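What follows is a single structure, written as structure tokens, with notes after it.
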Amino acid sequence: MYDTWWPHIDGWGLADLGEVRKRRITYYVVPASTLAEKATYLRAEPLTEAEQALHRPDLPFAAARSDALSWPEEAPASIEASAKGPGPEALEVPEVYLHPFGPRGGERAGVRVKAENGTAFTRDELVWRASVIQAPLIRAGASVQGIGIYRSGLNRGVPAFYLWGSQSRLDDQIA
């Protein structure tokens, strides 16, 4: 994921952290092979502490991903009732926005969810919360195979993830 120089503002697109905290931003994503092949190295500018705290580069791109699971058509009543999801054991953030997809694959408005313990989501809690949000939008013959929860950017300064299949939207476009 990367930022870009915007000539019309004579600055980096994500440089104004106050402004970034107020709106929804989506990170640009490119395969590492494309970056290595087409990019030109200019310089290295490490993130400041404030940028690290806001953008959270420590969070995974794929928080959960499985070919074996499917988004349910009915919301599970509890974590125990939902399918257990693969991915990191925990997502070390107290809240996230989850952006479901509609019946035709378009992204829907995000839903802000908070971890039950107030500090981090277990993998299973995150998959359960996502299933509850996605279930009302699932129709027979869903447009994706498997499940996936992928980093998309920030929404009002809170990490945002989009829901999709076992391959990310980037993987789908490459294929």
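The values are calculated or read from the model by the stated rules, or taken from the named source; none is laboratory data. Just so you know, these numbers come straight off a predicted model, no measurement behind them. Here the Cβ is made from the backbone with ideal geometry for all residues, glycine too, and neighbour counts use every protein chain on show. Calculation scope for accessible area: heavy atoms of the full protein, side chains included, ligands and nucleic acids excluded. Shrake-Rupley method; radii C 1.70, N 1.55, O 1.52, S 1.80 Å.
At-a-glance table
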| quantity | calculated |
| --- | --- |
| Filter result (surrounded by 10 or more Cβ atoms within 10 Å (Cβ to Cβ), out of contact with any Phe, Trp or Tyr (no Cβ under 7 Å at 6 or more places or on another chain) and not β-branched (Val, Ile, Thr)) within region 26-49 | Tyr27, Pro31, Leu35, Ala39, Leu47 |
| Top-ranked residue of region 92-103 - restricted to ones that are assigned to a loop (DSSP other than H, G, I, E, B) and open to solvent by less than 30 Å² (accessible area, probe 1.4 Å), ranked as modelled with the lowest pLDDT | Gly102 |
| Residue in region 41-50 that is touching a residue at least 60 places away in the same chain (Cβ under 8 Å) and aliphatic (A, V, I, L, M) present | no |
| Filter result (open to solvent by less than 50 Å² (accessible area, probe 1.4 Å) and in a strand (DSSP E or B)) within region 104-118 | Val113 |
| Some residue of region 135-143 being closer than 26 Å to His55 by Cβ and either crowded, with 22+ Cβ neighbours inside 10 Å or not polar (S, T, N, Q) (or both) | no |
| Hey, Glu89 touching a Lys or Arg at 6+ places or on another chain (Cβ under 8 Å), over 26 Å from Arg21 (Cα atoms) and either among the small types (Gly, Ala, Ser) or loosely packed, with under 14 Cβ neighbours inside 10 Å (or both) or not | yes |
| Single condition Ile174 does not satisfy, out of (1) surrounded by 21 or more Cβ atoms within 10 Å (Cβ to Cβ); (2) under 22 Å from Tyr27 (Cβ atoms); (3) of a type outside the set (Ser, Thr, Tyr) | (1) |
